[in-house]
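Asks: This is the structure I have questions about; it appears just below.
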Amino acid sequence: MTAEDRRAGLWRGLGQGDRNGGPTQMALRLKQSLESRRGFCPDDVFARYLAWWATEGFDTGPTAAGVFALVQAGVDRETAVRQIHEEFGGATAGCNPAHRAAPLAMMAFLPLSELADLARQEARLTHLHPDAGETSAAVVLLARHLIDGLPWTEAVPATATQVHGPAREALLTPQA
């Protein structure tokens with residue numbers, strides 16, 4: 001099996017595992033942006049998310065939906081993310097960023113050394129809590145390591161060295 005086969009498998013698995021469709025639709029917008037820009041452009045990604053949400057968006061979770069609603073009402077993105085974080089009492093460590101971030105792992109032109117930071121930046125497009133970014137970074141790094149052919153027993157500790165907090169703890173906690 002080649003890295004290209006594993007990339008395709010990641011994309012197929014995302015679609016098959018998403019019972020509602022929102023995370024896959026957001027991942028598709030991220031994938032389209034990465035491919036068209038040949039890199040991560042936060043403004044382009046967010047504009048694609050917002051355009052999708054405004055016309056047919058669903059299943060984004062309350063954090064992303066709140067941010068999108070504020071931006072649609074004229075609030076700038078960074079202010080909207082902070083405002084929703086404050087309105088939710090800091091409880092914006094949702095899983096939406098981790099669900100939508102798989103395309104970062106799939107893009108061979110994105111260097112492995114930059115993926116954790118890119119995943120954190122992408123998460124902050126809607127979720128201010130650092131755990132959302134760390135979890136997204138863990139998902140992206142783990143997926144890339146597996147795409148690159150590392151066995152699970154090596155991919156997990158390699159990922160854990162680059163993430164912090166509960167995401168790191170989850171990777172290092174033996175599974176029963």
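Asks: Determine whether Val71 is among the β-branched types (Val, Ile, Thr) and either in contact with a strand residue (DSSP E or B) (Cβ under 8 Å, 6 or more places away or on another chain) or in contact (Cβ under 8 Å) with a residue 12 or more places away in the chain (or both).
Replies: So Val71 fits the description; yes.
Asks: Within the group Gln25, Gln72, Gln83, which residue is among the polar types (S, T, N, Q), within 17 Å of the chain's Cα centre (by Cα) and open to solvent by 30 Å² or more (accessible area, probe 1.4 Å)?
Replies: Every option except Gln25 fails the conditions.
Asks: What's the total number of residues in the stretch 95-117 that are buried (at least 22 other Cβ atoms within 10 Å of the Cβ), not in a helix (DSSP H, G or I) and not small (Gly, Ala, Ser)?
Replies: Qualifying residue count for the region: 0.
Asks: For residues that are within 16 Å of the chain's Cα centre (by Cα) and among the small types (Gly, Ala, Ser), scanning just the stretch 28-60, find the one that is most open to solvent (accessible area, probe 1.4 Å).
Replies: Applying the filter and picking the extreme gives Ala47.
Asks: To continue, here is another question. When you scan the stretch 140-159, do you find a residue that is crowded, with 21+ Cβ neighbours inside 10 Å and in a loop (DSSP other than H, G, I, E, B), even just one?
Replies: Looking for residues that are crowded, with 21+ Cβ neighbours inside 10 Å and in a loop (DSSP other than H, G, I, E, B), one finds none in the stretch 140-159, hence no.
Asks: Residues that are over 10 Å from the mean Cα position of the chain (by Cα), at pLDDT below 95 and either within 19 Å of Gln25 (Cβ to Cβ) or of a type outside the set (Asp, Glu) (or both): does the stretch 94-113 have at least one?
Replies: Yes: one or more hits.
Asks: Given Thr92, Thr63, which one is among the polar types (S, T, N, Q), in a loop (DSSP other than H, G, I, E, B) and open to solvent by less than 60 Å² (accessible area, probe 1.4 Å)?
Replies: The conditions single out Thr92.
Asks: Okay, next question. Pairs under 6 Å by beta carbon, first residue free of Cβ contacts under 8 Å to residues at least 24 places away in the same chain in the stretch 80-107, partner surrounded by fewer than 24 Cβ atoms within 10 Å (Cβ to Cβ) and of a type in the set (A, V, I, L, M, F, W, C), six or more apart or different chains?
Replies: The qualifying pairs are Ala80/Leu70; Ala80/Val71.
Asks: Look at the stretch 101-116 and say how many of its residues are touching a helix residue (DSSP H, G or I) at 6+ places or on another chain (Cβ under 8 Å) and over 13 Å from Asp148 (Cβ atoms).
Replies: Counting residues in the stretch 101-116 that are touching a helix residue (DSSP H, G or I) at 6+ places or on another chain (Cβ under 8 Å) and over 13 Å from Asp148 (Cβ atoms) gives 5.
The values are calculated or read from the model by the stated rules, or taken from the named source; none is laboratory data. Not measured: the values here are computed from a predicted model. A quick note on method: Cβ atoms are made from the backbone with ideal geometry, for glycine too, and the neighbour counts reach across all protein chains shown. Side chains are part of the model used for accessible areas, which takes the heavy atoms of the whole protein and leaves out ligands, DNA and RNA. Shrake-Rupley method; radii C 1.70, N 1.55, O 1.52, S 1.80 Å.
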